[in-house]
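Novice: Quick one: this structure, given as structure tokens, is what I'll be asking you about.
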Amino acid sequence: MFYLRHLCDTARFPDWPIPEPSHIAARYPYLAIPAVNYPQLQSELFCNMFYLRHLCDTARFPDWPIPEPVAVVVAHIQDM
């Protein structure tokens, strides 16, 4: 239980109530979690489910399978 309280006391989840094991149908208020930003990915172009820099790197990823290539192209066109 200490570990759970420690997780809830962090900066990301400060307002979450500690669940009690005897009350399994308890309702909790929705608390939106702020978006996570990674500074090293700010200049990357993310399209569908691929980072295009890696998708175009045929030296490191020669036969990268793309399950839906049309969806990748359409997502890239929409991001432009």
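Novice: If I filter segment 32-51 for residues that are surrounded by 10 or more Cβ atoms within 10 Å (Cβ to Cβ), at pLDDT 85 or above and in a loop (DSSP other than H, G, I, E, B), do I get at least one hit?
Specialist: yes
Novice: Right, another one. Could you give every pair whose Cβ atoms fall below 7 Å, whose first residue belongs to segment 36-64 and is on the phi > 0 side of the Ramachandran plot, and whose second residue is surrounded by 11 or more Cβ atoms within 10 Å (Cβ to Cβ), counting only separations of at least 6 or pairs across chains?
Specialist: Once the first residue is on the phi > 0 side of the Ramachandran plot and sits in segment 36-64, its partners that are surrounded by 11 or more Cβ atoms within 10 Å (Cβ to Cβ) give ASN48/ALA71; ASN48/VAL72; ASN48/ALA75.
The values are calculated or read from the model by the stated rules, or taken from the named source; none is laboratory data. Keep in mind the model is a prediction, meaning the values are calculated, not measured. Methodologically, a virtual Cβ is constructed for each residue, glycine included, from the backbone with ideal geometry; neighbour enumeration extends over all protein chains shown.
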